[in-house]
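Every read-out reported here was derived from the displayed coordinates using simple, explicitly stated rules and does not represent laboratory data. Since this is a predicted model, take the numbers as computed values, not measurements. Note: ideal-geometry Cβ built from the backbone for every residue, glycine included; neighbour counts use all protein chains shown.
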Amino acid sequence: MKVDLIFSANEIQSKDAKDKTVVVIDTLRASSTIITALARGCRKVIPVSEIKVARRLSGKFKGNSLLAGERQGTKIEGFDLGNSPRDYISKKVRDKVIILTTTNGTKCFEPLTEAKKILVASLLNIEQVSTELKSKKEVLFCCAGVVGQFALDDFITAGKILAELITEVEVNLSDRALVAYQTYVQNENNIVTILKRSKSGKNLIELGKEDDIDYIVKEQENYLPYYEDGEIK
Ligand code: MLT
């Protein structure tokens, strides 16, 4: 298996994903929110880049949708949910269509037009995503990053998936993927601590959302979302 990695949503170009299995990662927190929402029974998540597009789209679902997302980490005014995965409880999200707009994570999907398959991963579903990837020939990790910059939470997640794969299949890693793997291996006993020291981690702590980091690192959700035709199921 050949594995490459992209550092941030701004870097993604459709040709880089051509015929590859792409894994979109925004561990803190968009991909963790998507995984949790689907694991709690929502019908689908529609990722959109702009707030106004999200509002327009919600009108189409006649009360069966929830508007969700953040800017600067905080729930958008008038929206039903923010981007805190722990708020996505079954009672709120079951059978709903969730229209989600976030600063970085939801921007990853649109440019991936040439990908063979698009999966959504975070530390919450390492086992499910690793199992699915084992039979693939070419894999591209699309880390969302933070406003165009590298983000440690996404990188460590890619490294952890690689650590699972390496024990079972032969992998040919790009230099970026190799460093992701090494970074994970060197920190595997301190993931909570290192993520709390990362830029995204510190932002969440400042916003009073430290519990989101603990949940995302310590829990597992039995769900592997797929993106197709503008929707995640
Ligand atoms: C994003 O998509 O930028 C993040 O998920 C931000 C956040 O943690 O809410």
**Request:** Quick one: among P111, P47, P85, which has the greatest mean-square fluctuation in a GNM of the chain with alpha-carbon springs under 10 angstrom?
**Result:** P111
**Asked** At a Förster radius of 30 Å, what calculated FRET efficiency corresponds to the Cβ-Cβ distance of S14 and E219, to the nearest 0.05?
**Response** 0.35
**Message:** Can you tell me, using C-alpha contacts under 8 Å and at least 6 residues apart, the relative contact order of the stretch 1-119 as a whole percent?
**Reply:** 43 percent
**Request:** Please state the charge dipole magnitude for the chain, taken about the Cα centre, from unit charges on C-beta atoms (+1 on K and R, -1 on D and E), reported in debye and rounded to the nearest 20.
**Result:** 800 debye
**Complete:** Projecting the Cα atoms of V179, L66, N222 onto the charge dipole of the chain, where Lys and Arg contribute +1 and Asp and Glu -1 at Cβ, the residue farthest towards the positive end is L66
**Request:** Bin all alpha-carbon pair distances of the chain at 5 Å intervals from 0 and give each bin's fraction as a whole percent.
**Result:** 1, 7, 16, 21, 21, 16, 11, 5, 2, 0
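With +1 assigned to the C-beta of every Lys and Arg and -1 to the C-beta of every Asp and Glu, and no other charges, what is the dipole magnitude of the stretch 155-224 about the Cα centre in debye, to the nearest 20? Numbers along the way, then the final one.
Details: 8 positive and 12 negative charges, 76 e Å.
The calculation lands at about 360 debye.
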**Asked** Once both axes come from the Cα atoms, what is the angle between helix 175-187 and the longest principal axis of the chain, in degrees from 0 to 90, rounded to 10?
**Response** 80 degrees
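For the pairs K75/K107; K2/K218; K91/K218, note any where the Cα-Cα span goes beyond 20 Å. Walk me through the numbers before you get to the answer.
Numbers: K75/K107 17 Å; K2/K218 29 Å; K91/K218 23 Å.
Correct reply: K2/K218; K91/K218.
Please compute the length gained on full extension between E114 and T193, using 0.36 nm multiplied by the number of residues separating them and subtracting their Cα-Cα distance. Don't jump to the answer; show the numbers that get you there.
Values: separation 79, 0.36 × 79 = 28.44 nm, distance 3.69 nm.
Going from the current span to full extension adds 24.8 nm.
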**Fill in**
Inter-part gap, Cα centre of the stretch 32-111 to Cα centre of the stretch 168-216, in whole angstrom, is 24 Å
**Request:** Scan the stretch 81-166 for trypsin sites (Lys or Arg not before Pro) in coil per DSSP, keeping those whose Cβ has at most 10 other Cβ atoms within 10 Å, and list them by number.
**Result:** K137
**Request:** Please give the length that would be gained between K202 and R86 if that part of the chain were fully extended, namely 0.36 nm times their separation in residues minus their C-alpha to C-alpha distance (nm, one decimal).
**Result:** 39.9 nm
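Where in the chain is the longest stretch that carries no GluC sites (Glu not before Pro) classed as loop by DSSP and with at most 16 other Cβ atoms within 10 Å? Please report the intermediate quantities before stating the final value.
On the way: sites that count: E50, E77, E114, E168, E170, E188, E219.
With GluC sites (Glu not before Pro) excluded where exposed in loops, the chain gives 115-167 as its longest stretch.
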